[in-house]
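Derivation of every value follows stated rules applied to the coordinates shown; laboratory data play no part. Because the structure is predicted, anything quoted here is derived from the model rather than measured. Methodologically, a virtual Cβ is constructed for each residue, glycine included, from the backbone with ideal geometry; neighbour enumeration extends over all protein chains shown.
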Amino acid sequence: MPEASTTEAAFRVGLLRADGAIPEGVTDGAGRPAGRRYDVYRNNVAVALREALETGFPAVAKLIGPENFARAAGLYLRRDPPETPLMMQYGASFAAFLEQIDALRGIGYLGDVARLELAMRRSYHAADAVPFDAGRLAALEDSTLRAARLILAPSVQVVRSPWPVLSVYRYTMLPDQPKPQARAEDVLITRPEFDPAPHLLPQGGAAFIDALRRGLTFGAALTAAGADFDLPATLTLLLQQGAISDLQTA
């Protein structure tokens, strides 16, 4: 791919400098300095990126209010502009950015709410997978099962948080939800049909799923999950939600 000219590079950089001068060499169709037309275009780009962030992080926007969100988004889009024209991927570092804003540090769970929303978006856009036949598990002997590897669907996402992240999300976005209790929550995101769905994971569930995603055997994943792991609840959830796509035996 040919390198961009100096003028083209300055054009792109200048778009995200709200108060910067119009880049030298940028002209309109008649060859005159672009002037106000460039300013209008620059404003449209900033508005489009702010709207993309608000669409991608609606719970965060509700939690901090429209003015605070617009301010945070304006700072973010200039610090971390998109690296791809696919806006569904924009905002990967937004959670970490929010945690660096002094005025928002009092909302300790805000970053993890953003991570949950990003995980749900990634689940939505992930590749499809054929649901797994649960009967294959029941047919295996214990030793064969422990040596097998469960392959998870591409849409499966996990968010681990020291905060009640799923409860906060539901309380913010859904009516008649109970007030979040002070507790850590691990969340599984699945996409059994068209829309992603978040689920609260039982004790050890996140460690078990993380081990499976790293390619560990079923037995090794059980060990990683710990002594208090609720295998029946976790496995039932994975199977009911179509989160397992295949089973590989030795």
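So which trypsin sites (Lys or Arg not before Pro) in segment 171-250 end up in coil per DSSP with only 16 or fewer other C-beta atoms within 10 Å? Spell out each step's value before the answer.
Working: sites: R183, R213, R214; in loops: R183, R214.
In loop regions of segment 171-250 (DSSP not H, G, I, E or B), the sparsely surrounded trypsin sites (Lys or Arg not before Pro) are R183, R214.
If R0 is 30 Å, the Cβ-Cβ spacing of E51 and T236 corresponds to a FRET efficiency of close to 0.15. Remark: the Q89-T249 segment gains 54.1 nm on full extension, using 0.36 nm per residue and subtracting the alpha carbon distance.
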